[in-house]
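Inspection log for the structure reproduced underneath, given as structure tokens.
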Amino acid sequence: MAAPPLAHYYNYRNPLYNNLTPKSMRIDIITVIPQLIEGFLQESILGRAQRKGLCEIHLHNLRDWAVRRDRRVDDYPYGGFAGMVMQCEPIDRCISTLLAQRHYDHVIFTTPDGEQFSQPMANELSLCENIIILCGHYKGIDYRIREHLITKEVSIGDYVLTGGELAAAVMADAIVRIIPGAIGDEQSALSDSFQDNLLAAPVYTRPADYRGWRVPDVLLSGHEARIKEWELAASLERTRRLRPDLLQGQ
Ligand code: 6GU
């Protein structure tokens, strides 16, 4: 299945779009280790998107919502199982406070047993106004939080990370970079690998000949139609060779 259309970009080309003030997307990330993602969010495209007012990303330290004097937010699991479990109360206090302030489209929990994150999911989430991402940690969180407060559980792949922070950073990056204006060339988000279930064609820059390694002649020809044709053929060839699974059912 190809990614659903990037509705943003269709709006962006619509003359009526210019009469609308594009709303700024808000992402609230709840974590016990905010410093893991703090720096990442301020750099490059994510940092610039926030400074341009295209989105707001707020980090919340779950320990600020701890009910215990030692600021711990985990405890031993009932049943005598191994590992520690994040308690209900700090998470509930943090999420409920946010939910009282504005409407949220999703309260996401990062967990290896969640739905696999993908480009279509990133496209959908980038259309949301406000989302919360709760980073999982330890052996898990008290399941009652997942039953009562979480609306979407997401994994970034079939491997286990020590915490959900990297997953939250991955999701924020994939979501924010496709907000119109986040990357300079509006077209380039549409020509990403995976937006059409094809891997992107190779790209080259100067010099045209480096140690005898030559850039394909067609790219130097200035012949737009032939270049487009080459690009599609290269995309298809690389997809067939490297990711034949993407071509199944098309
Ligand atoms: Cl979202 N969390 C953790 N802890 N591990 C993961 C993951 C998430 N996605 C893949 N592995």
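Readers should treat all values here as calculations from the given coordinates under stated rules, not as data from a laboratory. Worth saying up front: this structure is predicted, and the values here are computed from it rather than measured. Here the Cβ positions follow ideal geometry from the backbone for every residue, glycine too, while neighbour counts run over all protein chains shown.
For the Cα trace of segment 164-250, dividing Rg by the Kirkwood Rh returns an Rg/Rh value of 1.05.
For residue 139, the lysines whose Cα comes closer than 29 Å to its Cα, not counting residues fewer than 8 places off in the same chain, are 152.
Work out the FRET efficiency for residue 7 and residue 69 from their Cβ-Cβ distance, taking R0 = 51 Å, and round it to the nearest 0.05. Using R0 = 51 Å, I get an efficiency of 0.60. Measuring r between the beta carbons of residue 242 and residue 127 and using R0 = 22 Å, the FRET efficiency lands at 0.15. Mean residue ellipticity at 222 nm from the helices of the chain, using -39,500 (n - 2.57) per DSSP H segment of n ≥ 4 over the full residue count, to the nearest 500 deg cm²/dmol? About -10000 deg cm²/dmol. Across segment 53-97, the residues whose backbone nitrogen lies under 12 Å from the label position 7 Å along the beta-carbon direction of residue 148 are 88-93, 96. What shape does segment 111-161 take by its C-alpha gyration tensor, where a ≥ b ≥ c are the square roots of the eigenvalues and a/c under 1.5 counts as rounded, a/b above b/c as prolate, and the rest as oblate? Note, shape of segment 111-161 comes out oblate. Divided by 2.2 N^0.38 Å, where N counts the residues, the Cα radius of gyration of segment 197-247 comes to 1.28.
How many percent of Cα pairs in the chain exceed 26 Å? The calculated P(r) of the chain puts 50 percent of pairs beyond 26 Å.
Here the Debye sum runs over all C-alpha atoms of segment 138-213 as equal scatterers in vacuum, and log10 of I(q)/I(0) at q = 0.11, 0.17, 0.24, 0.25 Å⁻¹ comes out as -0.54, -0.92, -1.18, -1.21.
The fewest-to-most ranking of 32, 176, 85 by surrounding Cβ atoms within 10 Å reads 85, 32, 176.
Which of 77, 202, 180 moves the most in a Gaussian network model of the chain with Cα springs under 10 Å? Top of the fluctuation ranking is 202.
Amide H contacts of residue 134 (H built 1.01 Å from N, in plane; Pro and chain starts excluded): 30, 108, 109, 110 sit under 5 Å, all sequence-distant by 5 or more or on other chains.
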